[in-house]
Amino acid sequence: DVPNITLGTATEEGGKYALDSLKRAVSDLKYGLIDAIVTAPINKEAMQLGGFQHPGHTEYLAHLDGRKTYGMMLINKYLKVVPATIHIPIRDITKYLNAELIEQTIKTTHQELTSRFSISNPSIWISGLNPHAGESGTIGDEEQEFIIPIINKLRLKGFNLRGPVSADTMFYGKKRRNFDAAVCMYHDQALIPIKTLDFHGSVNLTIGLIFIRTSPDHGTAFDIAGKNLANPTSTIEAIKLAWNLAKK
């Protein structure tokens, strides 16, 4: 039964219905009834009231799919970006960011570019974590400690990588035309440039899953819910991307 939903309000009933809808979509995928999922934005407060115990869609879908290696790729006509850490407070990033995670993120990005987007030998640029990519250890040592060694290791295995590149210079016009995707160290480092270039046309693709899942790159905007003010472009682009990937 469809619950009595109040537009623009976070409620336990609405959160439970959203969660049940998500579970049903994944079940239909696994049984071959559908070919892809396009999710609408979720309100995490409502979802948590409804029993949701994950940071976001991405982590929950990976849990349902039984995947330990996964990520989110933001896509528009200008860029493809992948943050190594996703929904983590800035103060905690270095608790999660390590050589293994960066290696997994690069490999997953490479796999998606080759398999889903048919890009041969994709060029992937890797950002630094610190300002100016650490400046040889003078502004933080994470680059020297584990980012550079992982890049060198994967280059020897044939990956087409460049980095670590200072995140404040790698996205301007000339440079961003030289790579197929950028792997960044944290959420905003990746999402600020792509949303600045094309906020309404950007799409979130969950990578590393056996199935296709896309979504718009924005939130619920409860303040304008039901007022016929929301821009549907990102949702339309998410549907188009899911359709095109499913056709392959």
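The values are calculated or read from the model by the stated rules, or taken from the named source; none is laboratory data. Model, not experiment: these values are computed from the prediction. Every residue, glycine as well, gets a Cβ built from its backbone with ideal geometry; the counts of neighbours run over all protein chains shown. Surface accessibility is based on the protein's heavy atoms, side chains included, excluding ligands, DNA and RNA. Shrake-Rupley method; radii C 1.70, N 1.55, O 1.52, S 1.80 Å.
Observations on the model:
- When residue 92 is tested against the conditions (1) farther than 19 Å from residue 182 by Cβ; (2) open to solvent by 30 Å² or more (accessible area, probe 1.4 Å), the lone failure is (2).
- Among the candidates 64, 79, 29, 74, the residue that is within 30 Å of residue 103 (Cα to Cα), surrounded by 17 or more Cβ atoms within 10 Å (Cβ to Cβ) and out of contact with any helix residue (DSSP H, G or I) (no Cβ under 7 Å at 6 or more places or on another chain) is uniquely 29.
- Segments classed as strands (runs of 3 or more DSSP E), wholly inside region 143-248, with at least 1 members that are touching a strand residue (DSSP E or B) at 6+ places or on another chain (Cβ under 9 Å) and open to solvent by less than 10 Å² (accessible area, probe 1.4 Å): 181-184, 203-207, 212-216
- Residue list for region 108-141, restricted to those being assigned to a helix (DSSP H, G or I) and more than 9 Å from residue 164 (Cβ to Cβ): 108, 109, 110, 111, 112, 113, 114, 115, 131, 132
- Summed over region 62-92, residues that are under 24 Å from residue 193 (Cα atoms) and either at pLDDT 95 or above or of a type outside the set (A, V, I, L, M) (or both) total 19.
- Checking residue 20 against (1) in contact with an Asp or Glu (Cβ under 9 Å, 6 or more places away or on another chain); (2) within 27 Å of residue 233 (Cα to Cα); (3) open to solvent by 60 Å² or more (accessible area, probe 1.4 Å); (4) in a helix (DSSP H, G or I), the condition it does not meet: (1)
- Applying the criterion of at least 2 residues that are closer than 27 Å to residue 171 by Cβ and free of Cβ contacts under 8 Å to residues at least 24 places away in the same chain to the helices (runs of 4 or more DSSP H) found wholly in region 37-107 leaves 93-96.
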